[in-house]
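**Q** Pasting a structure below so you can have a look.
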Amino acid sequence: MDVLDPIRTKALDVAKPALSPRASAPQAAAQPLRLEVRWARHLDEVRQVQRLRHAVFAGEMGAVLQTPLAGHDVDAFDDFCEHLMVCDAEQGVVIGTYRLLTPAQALRAGGLYSDQEFDLGPLQAWRPRMVELGRSCVHASHRQGGVILALWGALAEFMQRNRLEAMVGCASIPMQYPGLAHGEGPARVWQQLRQTHLAEPALQVKPRVALPEELASVSTSGMSVEPPALIQGYLRTGARVLGAPAWDSDFNTADLPIMMRMQDLPARYHRLFLRASKTE
C-alpha cells in the first residue's frame, strides 16, 4: 500500500478519565494516556486494526460481518486503503482507527465503498480531489475526546499535505433507539438534519436501498433524537449531509452520506487539528 505523503509517527499525552469516585482523590490522580498516531506499516498492524473493528462492530453492535478471517473485520476494500491507527503507547495496542481510500486507490478498487450504498453521480467532479473515510471506531475504554482529536488531527494533516479538498463517507446511525420503534430513530435524525445541515442540491445523492417507506413520513414533533456523537462532531466541523440515509442490513444501521470540504472547516478547527497533529 502506498500512502501519498504519510504523516510521521506522533506521540500525544491525554489525561485518562477517572474510573471511579476514588480515582478523583489526590493520591489517585489520573495518569496521562500516551497516544501514538501512525499509519499501518505492514499486514500485522492492519490485522490489529481489523481485530478492533470486529470487536466494536460485531461484538458491540451485533453486525453480521462477511469476513474471510474469524475475529477480524476484513472486506475487499482493505487492501486498497491506508489504515490510520491510534495506539496506547504503553500497552502497544490499537485503540482507534480510520481507513482512507485515496482517489488513485479508488480507481484501482473500482470505486468507493460508498458507491455500493449511494448513487454518487453528483460527486463525479470531486473524485480526483476527494478521500473516502470509513470503518471509524474507538475502543470502548477510550472514548474520550483525545483519541478522536488525535485521529482528526492526523486526517487534517494528511489532507493538507496531499492538497486534497474533501472527505466523504457513510456515517452510521443505529436502527434501534430506546423508546422508539425499529428505524424510527434514524428517520427522525434525518428529518431533523435535512432542515439544518443538508448540502446544496448539486451535491445531493440518493440511497440504493432506502429506509422502509413507512419511515419516510415519521413526525419530528415531540421527542427530539440526538444524532450519534461522531455525526455531531462532523457537523460541528462543517460537514454536510448529502441526502437520505441508506439501510445497511448487515450492520443494522442507517448510513448517512456525509461530505466535509476543507474550505468549510471553521477556522477554530483548522487551528485545533493542526495543533493536535504537530504535538510531539
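**Q** For region 148-267, what relative contact order do you get, as a whole percent, if you take Cα pairs closer than 8 Å and at least 6 residues apart?
**A** The normalised contact order for region 148-267 reaches 35 percent.
**Q** Residues of region 127-160 with amide nitrogen under 11 Å from the 7 Å Cα-to-Cβ point of residue 93?
**A** Counting backbone N atoms under 11 Å from the label point, the list is 139-142.
**Q** Can you compute the FRET efficiency between residue 125 and residue 268 using 1/(1 + (r/R0)^6), with r the Cβ-Cβ distance and R0 = 41 Å? Round to the nearest 0.05.
**A** 0.90
**Q** Order the following by accessible area, largest value first: 47, 135, 41. Probe radius 1.4 Å; ligands, DNA and RNA are ignored.
**A** The ordering from most to least exposed comes out as 41, 47, 135.
**Q** Give, in nm to one decimal, the length gained when the segment between residue 34 and residue 116 is fully stretched (0.36 nm per residue of separation minus the Cα-Cα distance).
**A** 25.8 nm
**Q** Based on the mean of other beta carbon atoms within 10 Å per residue, what is the order of 240-247, 78-85, most packed first?
**A** Averaged packing, sorted descending, gives the order 240-247, 78-85.
**Q** Starting at the first residue of region 143-159, write each ³J(HN,Hα) from the Karplus equation 6.51 cos²θ - 1.76 cosθ + 1.60 with θ = phi - 60°, in whole Hz, x for Gly and Pro.
**A** 3J(HN,Hα) across region 143-159, in whole Hz: 8, 9, x, x, 5, 5, 4, 4, 4, 5, x, 5, 5, 4, 5, 4, 4.
**Q** Cα centroids of region 83-98 and region 188-266: how far apart, whole angstrom?
**A** Rounded to whole Å, the Cα centres lie 29 Å apart.
**Q** Counting alpha carbon pairs within less than 8 Å and at least 6 residues apart, what relative contact order, in whole percent, applies to region 65-177?
**A** In percent, rounded to a whole number, it is 25.
**Q** Write down the accessible area per residue of region 32-75 in Å², having rolled a 1.4 Å probe over the full set of protein chains.
**A** Roughly 49 Å² per residue, with all protein chains present.
**Q** Top to bottom by accessible area (1.4 Å), largest first, where do 253, 67, 196 land?
**A** Largest accessible area first, the list is 196, 67, 253.
**Q** For residue 108 and residue 213 in the same chain, what is the full-extension length gain: residue separation times 0.36 nm, less their Cα-Cα distance, in nm?
**A** Separation in residues times 0.36 nm, less the Cα-Cα distance, equals 34.2 nm.
The values are calculated or read from the model by the stated rules, or taken from the named source; none is laboratory data. Please read these numbers as outputs of a predicted model, since none were measured by experiment. Neighbour counts run over all protein chains shown; Cβ positions are idealised from the backbone, glycine included. What goes into the accessible areas is simple: the full protein's heavy atoms, side chains included, and nothing from ligands, DNA or RNA. Shrake-Rupley method; radii C 1.70, N 1.55, O 1.52, S 1.80 Å.
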